[in-house]
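Bear in mind that the values in this text are calculations on the coordinates, not laboratory data. Please read these numbers as outputs of a predicted model, since none were measured by experiment. Heads up, the Cβs are rebuilt from the backbone with ideal geometry, glycines too, and the neighbour counts pull from every protein chain shown.
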Amino acid sequence: MRLFVLFSDIFFVYMHPYMDGNSRIDRFLMDVMIAAGGNPWIVVPVEQRKKYMSALEEAHELSP
């Protein structure tokens, strides 16, 4: 299931390469797939939002 979610995420971003709103839709679709596998939804507390967004930016900068 994890590989399915990972490759679905990569495929979505490749097929839908729009900067405006792409991240929100992408994270929502990943959460839906994770929840469909019987896992809890991923919730980032407001207090940790800056740290979370920084980690996403760093990962984006490292990607080819």
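Stretching Gln48 away from Tyr14 to a fully extended chain increases their span by 9.5 nm, per 0.36 nm per residue minus the current alpha-carbon distance.
A simple packing score, the average count of other Cβ atoms within 10 Å per residue, orders the peptides 49-61, 28-40 as 28-40, 49-61, with the highest score first.
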